[in-house]
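Below: the structure, in structure tokens.
Quick note: the coordinates plus some simple rules give every number you see, no bench work behind them. Please read these numbers as outputs of a predicted model, since none were measured by experiment. Backbone-built Cβ (ideal geometry, glycine too); neighbour counts: all protein chains shown.
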Amino acid sequence: MSKAIDTFDLEKEFGSIENAFANTKARIQFISISSDQLFLPEQTKKLHKILLACGVDSNYSEIDSLKGHDGLFIEDDKTSKIIGEKLK
């Protein structure tokens with residue numbers, strides 16, 4: 001599983017990120033943790049902006065936390081609020 005995650009290249013697989021999401025009908029909610037060093041907020045913001053440019057219904061939220069990557073789970077009150085709002 002780790003190898004698959006580490007080696008998968010979306011752009012290589014589809015030719016571009018735009019191609020990968022060209023027919024996306026789903027609403028996408030990105031949640032970043034300000035101190036995450038595994039999935040940097042800047043990278044997530046960039047992907048969010050690309051999806052918006054492709055016409056995808058994409059939203060971006062960033063949680064201010066010192067908990068790093070684990071903040072997504074530790075800050076569950078904040079993530080739950082964002083997810084709950086999106087599901088309404």
Exercise. Based on the Cβ-Cβ distance from residue 14 to residue 62, what FRET efficiency comes out when R0 is 25 Å, to the nearest 0.05?
Worked result: 0.40
Problem set entry | Reachable lysines from residue 12, criterion Cα separation under 28 angstrom, eight or more residues apart if same chain | 3, 25, 45, 46, 49
Exercise. Between residue 27 and residue 46, 0.36 nm times their residue separation minus their Cα-Cα distance comes to what?
Worked result: 5.2 nm
Problem set entry | Alpha carbon convex hull of the range 11-52, projected area averaged over orientations, nm² | 3.4 nm²
For this session: Starting from the exponent 0.38 and prefactor 2.2 Å, build the expected Rg for the range 33-72 from its residue count and divide its actual Cα Rg by it.
Result: 1.24
Seminar exercise, completed: Applied in sequence order to the range 5-13, the curve 6.51 cos²θ - 1.76 cosθ + 1.60 (Karplus, θ = phi - 60°) yields integer Hz couplings, x standing for Gly and Pro, of 5, 6, 9, 5, 10, 4, 5, 5, 5
For this session: Report ³J(HN,Hα) in whole Hz for each residue of the range 49-59, in order, from the Karplus equation J = 6.51 cos²θ - 1.76 cosθ + 1.60 where θ = phi - 60°; Gly and Pro get x.
Result: 5, 4, 5, 4, 5, 8, x, 7, 6, 10, 10
Exercise. If you take all C-alpha pairs in the chain, what percent of them are over 16 Å apart?
Worked result: 61 percent
Exercise. In sequence order, what are the phi-derived ³J(HN,Hα) couplings for the range 30-45 according to the Karplus relation 6.51 cos²θ - 1.76 cosθ + 1.60 with θ = phi - 60°, rounded to whole Hz, with x for glycine and proline?
Worked result: 8, 10, 10, 9, 3, 9, 5, 9, 8, 10, 5, x, 4, 5, 5, 4
Problem set entry | Amide hydrogen neighbours beyond the local backbone of residue 33, cut-off 5 Å, H modeled | 63
Exercise. Top mean-square fluctuation among 38, 72, 47, Gaussian network model of the chain, C-alpha springs under 10 Å?
Worked result: 38
